[in-house]
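Enquirer: After the structure tokens below, expect a handful of questions from me.
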Amino acid sequence: MGLTCSSEAQGLSFHPHSKGYNIVLNSCQHKAERRRSFHDGIIFSNRPILPREKVWIRILKVEQRWYGALRVGFTSMNPSNLDSTSLPPFACPNLTIRPDFWAIGIPEELCREGEEICFWINTIGQVLLKKKGSVKPEVLFSGIPRKTALWVMLDVYGQTKALQLMDAKSKHKVFRCCPGNIEPPSLGLGHPQSIGTKDKHFLPSHTNRCMGKISKLDLRTEVVNVQLFREEEPNCVICLDRTANTLLLPCRHCSFCRQCVLKIKAESNICPLCRQRIQKSQDIREEHLLTNYCR
């Protein structure tokens with residue numbers, strides 16, 4: 001049995017080369033883990049899906065400090081023709097604004113550790129999703145072209161830390177070739193040496209570590225006990241040029257510069273990362289990055 005497990009008889013696996021910067025695969029490409037931050041976790045299937053083929057996924061790890069969860073979708077672009085170094089940090093909206101990519105976020109309650117979900121395309125181009133044990137699937141979105149080769153596209157985003165493809169032909173059991181653990185990343189040129197210590201988008205609260213779940217957030221006041229952890233290049237994820245210096249409320253994402261936030265509020269008033277409506281934006285001054293904000 002080969003390392004890539006890429007034949008159709010062996011089921012789907014992840015594409016070994018076209019993947020986000022923070023993604024690490026195991027040796028047979030059935031398990032994927034995002035090793036740092038909450039983004040750069042895009043992965044693709046190694047082959048196009050078959051007609052009416054269901055894609056089964058098990059959530060292996062979650063990380064509650066982030067907001068949002070797995071994004072699922074498809075692409076008509078062969079991943080082998082993509083340059084992995086040019087993949088954007090997010091599937092939504094960076095790829096979904098293009099004509100050959102379709103994806104949507106999955107609710108966090110469906111992405112708990114150990115949860116198993118499947119999704120597929122029906123005959124009229126709708127993407128359906130069903131949780132293990134559920135009887136009736138739900139429609140995620142529609143408009144997928146018919147009679148076109150389509151590859152699976154996933155974004156191991158936010159709270160979703162690691163997942164694995166499951167062998168649908170064996171009553172949803174794991175592949176026999178799949179080892180128990182995800183292999184450590186190769187520490188090549190430019191690869192991060194440590195995990196999670198400098199993530200710029202994590203805003204922990206002393207009252208609740210889970211982002212977006214502070215029960216009584218008063219939008220008329222400053223956020224309580226906020227600290228900002230930043231990467232080596234703390235730039236806005238939209239323009240990639242100016243410093244990310246603006247906090248959105250209530251979602252508390254702070255990946256944007258002031259100028260881009262003004263454009264977002266004027267156009268849609270929705271956070272590009274989690275799709276929550278923006279109720280307030282707040283400047284984050286450089287000298288306050290490691291101090292608490294008080295009422």
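The values are calculated or read from the model by the stated rules, or taken from the named source; none is laboratory data. Computed from a predicted structure; not experimentally measured. Backbone-built Cβ (ideal geometry, glycine too); neighbour counts: all protein chains shown. Just so you know, the surface numbers come from the protein's heavy atoms only, side chains and all, with ligands and any DNA or RNA stripped out. Shrake-Rupley method; radii C 1.70, N 1.55, O 1.52, S 1.80 Å.
Enquirer: Quick check on the stretch 67-128: take the gyration tensor over C-alpha atoms, sort the square-rooted eigenvalues as a ≥ b ≥ c, and tell me if it's rounded (a/c under 1.5), prolate or oblate.
Expert: oblate
Enquirer: Run the accessible area of the stretch 20-89 with a 1.4 Å probe and give the carbon-and-sulfur part as a rounded percent.
Expert: Carbon plus sulfur share of accessible area: 48 percent.
Enquirer: Which sequence of Tyr157, Tyr67, Tyr21 reflects their accessible areas, 1.4 Å probe, from the largest down?
Expert: Greatest to least solvent exposure: Tyr21, Tyr67, Tyr157.
Enquirer: Next up: Give, as a single signed number, the net charge of other residues whose beta carbon lies under 13 Å from the beta carbon of His15, with Lys and Arg counted +1 and Asp and Glu -1.
Expert: +1
Enquirer: Related question: Could you tell me the calculated FRET efficiency between Leu50 and Asn269, based on Cβ-Cβ distance and R0 = 30 angstrom, to the nearest 0.05?
Expert: Step by step, r from the Cβ atoms, then E = 0.15.
Enquirer: Same structure again: Tell me whether the stretch 1-128 comes out rounded, prolate or oblate; compute the Cα gyration tensor, take square roots of the eigenvalues as a ≥ b ≥ c, and use a/c under 1.5 as the rounded threshold.
Expert: Rounded, since a/c falls under 1.5.
Enquirer: Per 0.36 nm of contour for each residue apart, how much would the distance between Thr243 and Ala168 grow if the chain were fully extended, relative to their Cα-Cα spacing?
Expert: Here the segment from Thr243 to Ala168 would lengthen by 22.5 nm.
Enquirer: Right, next: Taking the solvent-accessible surface of protein heavy atoms with a 1.4 Å probe, what is the per residue accessible area of the stretch 92-158 in Å²?
Expert: Here the per-residue accessible area is 49 Å².
Enquirer: Can you pull the accessible area of Leu165 for me, 1.4 Å probe, Å² to the nearest 10?
Expert: Roll a 1.4 Å probe over it and Leu165 shows about 10 Å².
Enquirer: Just to verify a number: FRET efficiency for Ser142 and Asp83, C-beta to C-beta distance, R0 = 45 Å, to 0.05?
Expert: The calculated FRET efficiency here is 0.90.
Enquirer: Sticking with this structure for a sec: From the residues Ile104, Pro48, His17, which one has its Cα farthest along the dipole of the stretch 1-156 in the positive direction, the dipole being from +1 and -1 charges on Cβ of Lys/Arg and Asp/Glu about the Cα centre?
Expert: With unit charges placed on the Cβ atoms, the residue in question is Pro48.
Enquirer: Exceeding 26 Å between C-alpha atoms, which entries from my cross-link table qualify? They are Lys61/Lys130; Lys161/Lys263; Lys54/Lys136; Lys31/Lys131; Lys132/Lys161; Lys61/Lys280.
Expert: Lys161/Lys263; Lys61/Lys280, as the Cα separations exceed 26 Å there.
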